[in-house]
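The values are calculated or read from the model by the stated rules, or taken from the named source; none is laboratory data. No experiment lies behind these values; they were computed from the predicted model shown. No Cβ is skipped: glycine too gets one built from the backbone with ideal geometry, and neighbour counts run over all protein chains shown. All accessible areas refer to the heavy atoms of the entire protein, side chains included, with ligands and DNA or RNA removed. Shrake-Rupley method; radii C 1.70, N 1.55, O 1.52, S 1.80 Å.
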Amino acid sequence: MKTDELREKYLTFFESKGCVRRPTDVLVPKDDPTVLFTPAGMNQFKNQFLGIGPIDFTKATTSQKCLRTGDIGNVGVTAYHHTFFEMLGNFSFGDYFKREAIHWAWEFLTTKKWLGLDPTRLTVTVYLDDQEAFDIWNNEIKLPSNRISREDEGENFWPASSPSQGPDGVCGPCSEIYYLPPGSTKTVEIWNLVFTQFNRVGPPPNNLQPLPKKNIDTGMGLERCASTLQGVLSNFEIDILKPICQAAGEIVGVKYEYMAPEGRALRRIADHVRACSFALHEGCGPGPEKENYIVRLLLRRASMEGFLLGKHEPFLSQLVPVVAQMMKGPYPEFGQTVEAVQNAIREEEKQFLRVVETGIGRFKKLVDHAKKEGSLVISGDAAFDLHQTDGFLIELTESLAANEGLSVDMTRFIECKDQHKQTSGRGAFANSVMSAGPLDTLRKAGGTQFLGYESTDADVEVVGIIADGQLASTFENHGAQIAVVLNRSPFYGEAGGQVGDIGHLVGNGVKFEVQDTQRDGDLLVHIGMLKSGILAVGTKLHAEVDVSRRAGILRAHSATHILHHALRKYLGENATQRGSKVQQDELRFDFAHPKGLTHDELIRIEDEINSRIAEGAVVSTRLMPIAEARTLGAMALFGEKYPDNVRVVSMGEFSRELCGGTHLKNTGQVGVCRVIRDELVAAGVRRITCFTGPKALARIRATEELVKEASALMKAQPEELPRKIEALQTELREARKELAKHSVASLADAAAQLVAKAETINGVKLIVHNAAGCSRESLKDFIDRIREKAPSVVILLGLVTDDKVAFISSVSKDALVSKGVNASDCVKTAAKICGGGGGGRPEMAEAGGKDPTKIEEALLAGAAYCRSKLGV
């Protein structure tokens, strides 16, 4: 059975049982701060499980895109571990429970109409105290008791061991289903039923309190079940994954075979590229923090595997079309971003290979040091520094060390890594997704009715006050920032790139300044300060949005849609939106594009925007089912979560987008739009910044004033300025040439003096000097003048320029070879004192520092390093 067929059969089966088929949730859930990526199918149903807000259905089924990195070291090694995978799920929110869940699982697995597995090859486990589940399996399914095993809370409870160890909250026993493939002696877990029927409160005994409504959370790994049905050795051998592994082998130049030594590396490449492709599709690019860091880590690990197989140039991007082809059945939209995903992956891999090229030199020094010391182990501290500072992955260090007959002190490496996690915060993300806070409590009473599409003021009532992270019934401190939730509100809560409204809540002696408005699910949270009076739950107030600021936001947001249209018109359909920020008469728009825009392209885009503004096209909105919106061609932002009924904003006949923001009535109200800049913000992603309305006019006037001032200074008419400036530049170049002649003579004299006074150590001159008075550009010339007069020399020069520090070091070949003095290490030692860094070749290197007050201390540190190498 093909994987796509299995996915569809599962969803169809549970639809036949009354479950609502829900689309997969986003892979990168921006509205859930407790996780970086969606780790399980139940995540999108958090509110339903907690009984929060309106519930339109009580049972559901999904195939959910998931990404987990907890077992990243096992990816490609074991038969079943992945980072990216799909989880087939069926859920009940106080509807069906154990009996139906067990019967339906058995029916789907064993009935010929569905999977038709041999029931004699199936065994199950239950929690040791769950007699109810045991009886259903034994008495109703008729499974013999010798094929039902009872397991403890560590194996068959969710969360694992929660009755005795916690955490507090919703929990329950599990029942797992195992299958014994023909010809195998080892069973495979293919299904896990979780019966969330308790609320764990405090330590045992008697700490499991029955929930008033019992829930079902069932998961079945799509890839694992597909491998079982297809009779292959591993998930990576199924029809949607093996072609990616084979393609990776062809690109790297190694034939893919599951049992071959290179098989593990190619499986890891296939897995990581598939995971990153889906994350990048949703606009999550490689970066230094959180989910972006995970994408960078996975791409670099995949690139590293290719490097170790002999592929020393970028290749990962070539796999993206193969991923798109394999996944086009359930995810046809992925095909629209293939080029953008490829560009981002290519740029990141180029950067990593540059890191490897630089790091190889440092790695070889570690090897030389270990061998010189007679050790077979590379220091864990040194390996971590190479990993963290230089981006040289520890796996690469381990592999290359093994080739040299060495190992790495991984115990110490892990200690260094854990210490870094504690200080950087990268390991501090919450694991629980079921914790209810003050907003969850308020949400149970219903959401905030948004009135801002029709009005900017309204009579409202306070339904919640949050101060110091806790709900409060009253509040009267006039100096503290708090959050207020209303029953209805004209304030727009930040979402979709549009900033939140500001304004005031007034009435009954109360004045509350709204400094920001945020959206949390169906609640609008008004953040600000109480200026006068006593605020209390139930207080009736009048809400007033800052209309001048809102008007500027309307202009900028409407212009954003017009800009999107212009980009796609002149750059192509692949210029897909990657994010935006809309504020008062200013917009930032991020989009996928591999290179900077030319001057002519920017002019055409700006002209197109203002042409659409001038035509005064009608801006209309309609609420419709999302399927209808897509049929009409409405553009959506990949990676954004949309409800079943969406708001479609249309501008004339040229723009139609899904958007929940506020807009003008016609495009002419934008007035004017100026493109301010185009810049690179991430690999394959560019950003255009525009001003609208009064801010655009102010920009035009400021530019005119600059031209006027320049004309006065140059004593020329505006149209003559380019010619006059060119003439001045020519004159300046000639003057610099003349000055350089004198500078060379001056540097030669200074060099002679330094050499004459230089310290000599074991036949090598050491010159460490603060080159105050020199220009940064002349430092290399200074080095050359010194080396002309002292062929055997170690040089370190420092210079403060523009409140920053520059260092340059040069080491003659004899000192490098016989004494081991390294120019790169020399400048790094000095720069570190000034809060900077740098590097280069062993014979010549440069670095920078941030603290000019420590230049003398830095030069002394550099001198000490050099003396230690020269033998003092």
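Structure data summary
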{"read-out": "For the range 195-317: Kirkwood Rh in Å [reciprocal of mean 1/r, alpha carbons]", "value": "17.3 Å"}
{"read-out": "Overall dimensions of the range 49-102 by Cα: Rg and Dmax, Å", "value": "15.7, 44"}
{"read-out": "Cα pair count fraction exceeding 21 Å, expressed as % - the range 629-712", "value": "55 percent"}
{"read-out": "Reach of Lys540 by Cα under 18 Å, taken over lysines that are not fewer than 8 positions away in the same chain", "value": "Lys511, Lys531"}
{"read-out": "Radius of gyration and maximum dimension Dmax of the range 179-223, Cα, Å", "value": "16.6, 47"}
{"read-out": "Proximal aspartates and glutamates relative to Lys850, as straight alpha-carbon distance under 14 Å, when same-chain residues fewer than 8 apart are discounted", "value": "Asp802, Asp803"}
{"read-out": "Along principal axes, Cα extents of the range 833-872, largest first, whole Å", "value": "30, 22, 10"}
{"read-out": "At 1.567 mPa s and 4 °C, Stokes D of the range 520-621 from Kirkwood alpha-carbon radius, µm² per second", "value": "77 µm²/s"}
{"read-out": "On Cα atoms only, tilt of 823-833 relative to the major axis of the chain in degrees", "value": "70 degrees"}
{"read-out": "Sum of side-chain charges, Ala845 neighbourhood, beta-carbon under 11 Å (Lys, Arg +1; Asp, Glu -1)", "value": "-1"}
{"read-out": "The range 23-123 - Rg and Dmax from Cα coordinates, angstrom", "value": "16.3, 45"}
{"read-out": "Val232 long-range amide H proximity, modeled H, under 5 Å", "value": "none"}
{"read-out": "Crossing angle, helix 410-424 versus the chain [Cα axis fit, 0-90 degrees, rounded to tens]", "value": "90 degrees"}
{"read-out": "Members of Lys9/Lys112; Lys372/Lys819; Lys364/Lys765 lying beyond 18 Å, as alpha-carbon distances in this model show", "value": "Lys364/Lys765"}
{"read-out": "Gly500 long-range amide H proximity, modeled H, under 5 Å", "value": "Glu494, Thr517"}
{"read-out": "Value of relative contact order over the chain, rounded to a whole percent, pairs C-alpha under 8 Å and six or more apart", "value": "7 percent"}
{"read-out": "Accessible surface of the range 357-417 [probe 1.4 Å, protein heavy atoms]: carbon and sulfur percent", "value": "50 percent"}
{"read-out": "Average accessible surface area per residue within the range 133-181, 1.4 Å rolling probe, Å²", "value": "43 Å²"}
{"read-out": "Helix 547-571 axis, angle to the chain major axis (alpha carbon atoms, nearest 10°)", "value": "80 degrees"}
{"read-out": "Estimated vicinal HN-Hα couplings, Hz - the range 233-240 in sequence order (Karplus 6.51, -1.76, 1.60; Gly, Pro = x)", "value": "6, 7, 4, 6, 9, 6, 5, 9"}
{"read-out": "Ratio of the Cα radius of gyration of the chain to 2.2 N^0.38 Å, where N counts its residues", "value": "1.14"}
{"read-out": "Calculated from backbone phi, Karplus (6.51, -1.76, 1.60) coupling profile of the range 328-345 in Hz, x at Gly/Pro", "value": "5, x, x, 10, x, 5, 4, x, 6, 10, 4, 5, 5, 5, 4, 4, 5, 5"}
{"read-out": "Proximal lysines relative to Lys311, as straight alpha-carbon distance under 16 Å, when same-chain residues fewer than 8 apart are discounted", "value": "Lys255, Lys350"}
{"read-out": "Protection-proxy order for peptides 754-760, 7-13, 589-595, each taking the mean of Cβ atoms within 10 Å per residue, highest first", "value": "589-595, 7-13, 754-760"}
{"read-out": "Computed [θ] at 222 nm, deg cm²/dmol, the chain (DSSP H ≥ 4; -39,500 (n - 2.57); rounded to nearest 500)", "value": "-12000 deg cm²/dmol"}
{"read-out": "For the range 164-253, projected area of the alpha-carbon convex hull averaged over all directions, nm²", "value": "9.3 nm²"}
{"read-out": "Radius ratio Rg over Rh of the range 712-870, counting only Cα atoms, Kirkwood formula for Rh", "value": "1.12"}
{"read-out": "Shape box of the range 132-180 [Cα atoms, principal axes, largest first, Å]", "value": "35, 22, 14"}
{"read-out": "Charge sum, other residues only, whose C-beta stays under 12 Å from His663's C-beta, Lys/Arg counted +1 and Asp/Glu -1", "value": "+3"}
{"read-out": "Derived scalar couplings ³J(HN,Hα) [the range 10-27; Karplus, 6.51 cos²θ - 1.76 cosθ + 1.60; whole Hz; x for Gly, Pro]", "value": "4, 5, 5, 4, 6, 5, 5, 9, x, 6, 7, 6, 9, x, 4, 6, 4, 7"}
{"read-out": "Most to least packed among 241-249, 474-482 [average Cβ atoms within 10 Å]", "value": "241-249, 474-482"}
{"read-out": "Mean shadow area of the range 558-705, taken as a quarter of the surface of its Cα convex hull (nm²)", "value": "8.8 nm²"}
{"read-out": "Peptides 537-544, 517-524, 556-563 ordered by average Cβ neighbours within 10 Å, highest first", "value": "556-563, 517-524, 537-544"}
{"read-out": "Residue-count net charge about Ala696 - beta-carbon cut-off 11 Å; Lys, Arg +1, Asp, Glu -1", "value": "+2"}
{"read-out": "Heavy-atom accessible surface of the range 675-796: percent carbon and sulfur, 1.4 Å", "value": "54 percent"}
{"read-out": "Overall Cα dimensions of the range 684-785, principal axis frame, Å, largest first", "value": "72, 39, 24"}
{"read-out": "Hull shadow area, averaged, the range 254-362 [alpha-carbon convex hull, nm²]", "value": "7.4 nm²"}
